[in-house]
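Student: One structure, as structure tokens, below. Some questions next.
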Amino acid sequence: MPTSAPIAIIPQPRNIQPGDGVFVLTPETRLEFGDGAEGERVSRYFIDLVQQTYGVGLGAGGNAPGKNVIRFDLTAGESAAGVEGYSLVSSPRRIVVSAADSRGLFYGAVTLWQLLSRYEEGFVVPVVTIEDWPKFGWRGLMLDSARHYQPPQFIRKFIDVMALHKLNVLHWHLTDDQAWRLEIKKYPRLTEIGAWRVPAGQAPAADIDPAAGKPRLYGGFYSQENVRDIVAYAMSRGITVVPEIDMPGHASAAIAAYPELGVLEKPSAQVPADWGIYPNLFNAEESTFRFLEDVLDEVVSLFPSQYIHVGGDEAVKDQWKASKRIQTRIRELGVKDEHELQSYFVRRLETFLASKQRRLIGWDEILEGGLAPNATVMSWRGLKGAVAAASAGHDTVLSPWPTLYFDNRPYDVASPPGRGRIVSVEEVYAFDPAPAAIEEAQRKHILGVQANVWVEHIRTPDRVEFMTFPKAAALAEVAWSPAKDWAGFSARLPAQLERYKALNVRYAEAPPARALDPRRRNSHELALCSDKIPLSLEDDAPIAGERAVFLVDVMQPCWLFKEADLSGIDSLVASVGQVPFNYQIGDDVKQIVLRKPATASGELEVRVDGCAGERIAVLPLAPAVDNFAVSELPSVPFEPREGKHDLCFMFTQKQLDPIWVIDSIELRSGASARPE
Ligand code: ACM
């Protein structure tokens with residue numbers, strides 16, 4: 001029998017005292033629970049978890065006394081650990097988990113599961129005494145289910161895995177420009193129309209649904225039955241689901257379903273498929289407020305959370321400024337300008353939510369034009385919103401871009417796609433949840449921290465997992481543990497990765513560094529010509545099957561093969577793709593420079609010694625135009641030259657859409673010897 005076993009708990013418990021020896025888990029191990037349903041419920045959860053992850057069956061013995069026992073006790077008022085806290089005491093013959101509330105007892109079970117380690121044919125638990133409770137009450141992940149729909153089974157799995165990190169808030173982003181995902185009984189078109197779109201690009205446009213004779217629609221929605229099930233499931237794992245209904249911006253899908261909600265005379269009847277920031281806002285008619293209140297009425301009946309998130313982000317005011325009717329409403333309502341109109345909007349909804357005993361939370365833009373009296377601010381544009389909110393006596397949740405935006409890639413890989421910026425697990429871990437920017441006296445207003453999984457570039461549930469884990473483990477420790485210790489966390493992380501495997505959860509693990517091939521580079525291995533933050537962007541084709549992923553700055557698509565050794569090189573092969581220009585970027589679009597083509601379909605130009613250097617090859621795009629996926633362009637010979645040179649690759653094209661992109665470049669020798 002081993003005299004000790006590893007301890008690798010994430011998030012790290014507050015107090016932990018290792019002892020000598022181990023408890024051996026056997027098929028004879030019995031689970032006991034004190035009186036009351038919670039002890040039994042948590043015992044059964046633990047039994048299922050151990051069975052599911054390790055294939056070990058344990059018996060639930062009720063209150064039968066015996067040796068080799070694990071006991072779960074809800075000890076009303078007796079635990080030192082308080083809300084969500086627990087204590088766990090293991091000896092060679094007995095393990096006792098106790099807590100004053102059911103969430104704490106649940107977390108005790110999670111910790112116990114993390115204490116299991118393999119020994120020969122079975123499992124052991126080290127002798128240890130743990131007292132544990134969280135630093136923050138809001139330990140959140142936001143999941144965007146609007147840009148891409150994830151099925152309800154996935155939401156349940158996500159909740160399961162969140163709970164195993166002791167994360168306790170799932171902020172569920174359910175509505176946006178590109179979809180409305182929540183069934184609202186009073187307004188069925190929100191999901192009949194609003195949950196479906198034709199994705200951007202040529203490939204989806206050509207993917208005709210034979211039944212409809214039109215491009216196939218993509219999407220899905222959550223029925224109220226789905227939502228009730230998910231909310232109850234989350235609750236059983238200590239997780240509160242906070243729904244977000246985004247307003248007054250990010251509203252295009254709702255307006256496509258009910259045009260009378262919008263500002264424009266004739267808004268688009270189709271749910272749009274661009275990323276970025278659409279100018280479409282809700283109008284300020286009384287009928288629109290009634291609509292929003294009706295929606296929130298159903299929302300509060302579905303979600304028991306104290307907080308309801310009303311978005312508020314990125315509501316560009318151009319449509320409100322340009323609308324005579326909105327200007328009239330501004331005067332009627334006695335507000336000063338469009339910012340105050342948004343503030344009026346939020347105040348009105350706050351009053352409505354307060355009448356339902358709920359509290360309003362919104363993105364930090366709700367500060368503009370004056371914050372509603374009891375609003376809580378989710379600070380995403382850095383910490384400024386949190387500082388302003390806390391110093392005005394409002395509560396705040398820290399969720400700043402880019403560190404806590406999990407759509408930023410964990411390291412530089414070609415796949416899966418994501419935002420091109422690299423944010424490492426270590427950077428997430430280093431996030432300071434008690435920043436000096438917020439005065440110590442005001443830090444009591446920090447409810448906690450949250451990371452956001454925006455999914456514009458995360459199309460599938462597998463990829464959501466990959467982008468979320470193990471960053472969520474770092475987030476969990478920031479949110480739960482009072483002290484941080486990167487070296488300790490890194491030492492515990494391999495055990496966490498093993499748990500992901502046991503749970504069948506995808507996670508990111510940096511691949512070993514690889515030397516660059518001197519002759520062949522994919523877009524992720526080439527350098528970009530700009531220092532702007534790129535996208536690691538998935539192709540829109542083929543519709544079914546694997547798609548290429550390109551690293552590209554869509555504002556300046558231009559790549560460099562740095563220090564290419566051109567000695568003996570006399571041709572190159574370029575593989576290129578075309579992706580939709582589907583970005584709502586307002587006036588910034590004027591910054592994009594289109595380079596004039598010599599032929600109707602455009603060309604790929606290759607220059608030497610930088611992008612202003614001599615043009616050594618021109619590859620016509622005509623052969624690739626009709627292939628929406630990656631094409632290899634016919635190679636073009638050029639004069640060899642000695643030594644290392646930077647090669648620059650740029651396209652010429654007449655129009656913004658589609659954008660031509662490099663997939664890979666291969667340098668070749670002996671072109672003149674090879675038959676064409
Ligand atoms: C946000 O990223 N628009 C909150």
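Read-outs throughout are calculated quantities, based only on the coordinates presented, and are distinct from any laboratory measurement. Because the structure is predicted, anything quoted here is derived from the model rather than measured. Cβ: placed from backbone, ideal geometry, glycine included. Neighbour counts: every protein chain shown.
Student: Go ahead and run the numbers for FRET between R156 and E314, Cβ-Cβ distance against an R0 of 25 Å, rounding to 0.05.
Tutor: It comes to 0.25.
Student: For the pair E192/D565, report the inter-label distance in nm, with labels modelled 7 Å from Cα in the Cβ direction.
Tutor: 6.7 nm
Student: Label-point separation (nm) for E286 and M1, each offset 7 Å from Cα along Cα-to-Cβ?
Tutor: Output for this residue pair reads 7.8 nm.
Student: How tilted is helix 37-54 with respect to the longest principal axis of the chain? Cα atoms for both, answer in degrees (0 to 90, nearest 10).
Tutor: With both axes taken from Cα atoms, the answer is about 50 degrees.
Student: Over all directions, how big on average is the projection of the convex hull of the alpha-carbon atoms in segment 318-385, in square nanometres?
Tutor: On the way: hull surface 20.5 nm².
So the mean shadow area of the Cα hull is 5.1 nm².
Student: Expressed as an acute angle from 0 to 90° and rounded to the nearest 10, what is the orientation of the C-alpha long axis of helix 224-236 relative to the principal long axis of the chain?
Tutor: 50 degrees
Student: Would you mind telling me the antiparallel percentage of the DSSP bridges in the chain, rounded to 5?
Tutor: Numbers: 68 of 116 bridges.
Around 60 percent antiparallel, to the nearest 5.
Student: Using helices alone, what [θ] at 222 nm do you get for the chain, with -39,500 (n - 2.57) per DSSP H run of 4 or more residues, divided over all residues and rounded to the nearest 500?
Tutor: On the way: 16 runs with 170 residues, N = 676.
About -7500 deg cm²/dmol.
Student: Among Y258, S268, G213, flag the residue with its Cα farthest along the positive direction of the charge dipole of segment 195-307, charges on Cβ as +1 for Lys/Arg and -1 for Asp/Glu.
Tutor: Highest projection toward the positive end goes to G213.
Student: I'd like the FRET efficiency for D412 and N15, computed as 1/(1 + (r/R0)^6) with the beta carbon distance as r and R0 of 41 Å, rounded to 0.05. Walk me through the numbers before you get to the answer.
Tutor: On the way: r = 39 Å, r/R0 = 0.95.
The pair D412/N15 has a calculated efficiency of 0.55.
Student: In whole percent, what relative contact order does the chain give with Cα contacts below 8 Å and a gap of six or more residues?
Tutor: Result for the chain is 11 percent.
Student: Might you report the magnitude of the Cβ-based charge dipole of the chain about its Cα centre, with Lys and Arg at +1 and Asp and Glu at -1, to the nearest 20 debye?
Tutor: That gives the chain a dipole magnitude of about 720 debye.
Student: In nm, give the distance between the simple-model label positions of L516 and D531, each being 7 Å from the Cα along the Cα-to-Cβ direction.
Tutor: Calculated label separation equals 1.8 nm.
Student: Under the classification rounded if a/c is under 1.5, otherwise prolate if a/b is larger than b/c and oblate if not, where does segment 432-488 fall, given a ≥ b ≥ c as square roots of the Cα gyration tensor eigenvalues?
Tutor: On the way: a/c = 3.53, a/b = 1.81, b/c = 1.95.
Since a/c reaches 1.5 but b/c is at least a/b, the shape of segment 432-488 is classed as oblate.
Student: State whether segment 77-144 is rounded, prolate or oblate according to the following rule on the C-alpha gyration tensor (a ≥ b ≥ c being the square roots of its eigenvalues): a/c under 1.5 gives rounded; otherwise a/b larger than b/c gives prolate, and the remaining case gives oblate.
Tutor: Verdict is oblate for segment 77-144.
Student: Taking the Cα centre of segment 155-266 as the origin, how large is its charge dipole in debye, to the nearest 20, when only Lys and Arg (+1) and Asp and Glu (-1) carry charge on their Cβ atoms?
Tutor: 300 debye
Student: Continuing with the same structure: By a straight-distance test (C-alpha under 12 Å), which aspartates and glutamates pair with K444 as possible cross-link partners, with residues fewer than eight away in the same chain excluded?
Tutor: D395
Student: Order by neighbour count: T75, T288, fewest other Cβ atoms within 10 Å first, most last. Intermediate values should be presented prior to the final figure.
Tutor: Working: T75 17, T288 21.
Listing T75, T288 from fewest to most nearby Cβ atoms yields T75, T288.
Student: Something else about it: Please state, rounded to one decimal and in Å, the Kirkwood hydrodynamic radius that the chain gives when every pair of distinct Cα atoms enters the mean of 1/r.
Tutor: Every distinct Cα pair counted, the radius reaches 27.6 Å.
Student: What ³J(HN,Hα) values, in whole Hz, does the Karplus curve 6.51 cos²θ - 1.76 cosθ + 1.60 give for segment 420-434 when θ = phi - 60°, with x put for Gly and Pro?
Tutor: Ordered by residue, 3J(HN,Hα) equals x, 5, 9, 10, 7, 4, 5, 5, 4, 4, 6, 4, 9, x, 10 Hz.
Student: Now, a different point. Filter K185/K317; K336/K384; K166/K501; K135/K166; K186/K356; K356/K384 down to the pairs with a C-alpha to C-alpha distance above 20 Å, please. All intermediate terms of the calculation are to be shown ahead of the outcome.
Tutor: Details: K185/K317 30 Å; K336/K384 24 Å; K166/K501 18 Å; K135/K166 11 Å; K186/K356 18 Å; K356/K384 30 Å.
Table pairs above 20 Å Cα-Cα are K185/K317; K336/K384; K356/K384.
Student: Now for a different question. Does segment 71-224 classify as rounded, prolate or oblate by the C-alpha gyration tensor (a ≥ b ≥ c root eigenvalues; a/c under 1.5 gives rounded; else a/b over b/c gives prolate, otherwise oblate)?
Tutor: Since a/c reaches 1.5 and a/b is larger than b/c, the shape of segment 71-224 is classed as prolate.
Student: List R189, R514 from most exposed to least, where exposure is judged by having the fewest other Cβ atoms within 10 Å.
Tutor: R514, R189
Student: Determine the relative contact order of segment 541-658: mean sequence separation of Cα pairs under 8 Å and six or more apart, normalised by residue count, in whole percent.
Tutor: 43 percent
Student: Can I ask one more? Can you work out the Karplus-derived ³J(HN,Hα) for every residue in segment 105-122? Use 6.51 cos²θ - 1.76 cosθ + 1.60 with θ = phi - 60°, whole Hz, and x for glycine or proline.
Tutor: With the stated coefficients, segment 105-122 comes to 4, 4, 5, x, 5, 5, 4, 4, 4, 6, 7, 5, 9, 6, 9, 6, 7, x Hz.
Student: Of G369, V198, F23, whose Cα points farthest to the positive end of the dipole of the chain (charges on the beta-carbon: +1 Lys, Arg; -1 Asp, Glu; origin at the Cα centre)?
Tutor: Of the listed residues, the answer is F23.
Student: Please arrange S399, S669 by how many other C-beta atoms lie within 10 Å of their C-beta, fewest to most.
Tutor: S669, S399
Student: Which is farthest toward the positive dipole end of the chain among S399, A81, G57, measuring Cα position about the Cα centre, with Cβ charges +1 (Lys, Arg) and -1 (Asp, Glu)?
Tutor: A81
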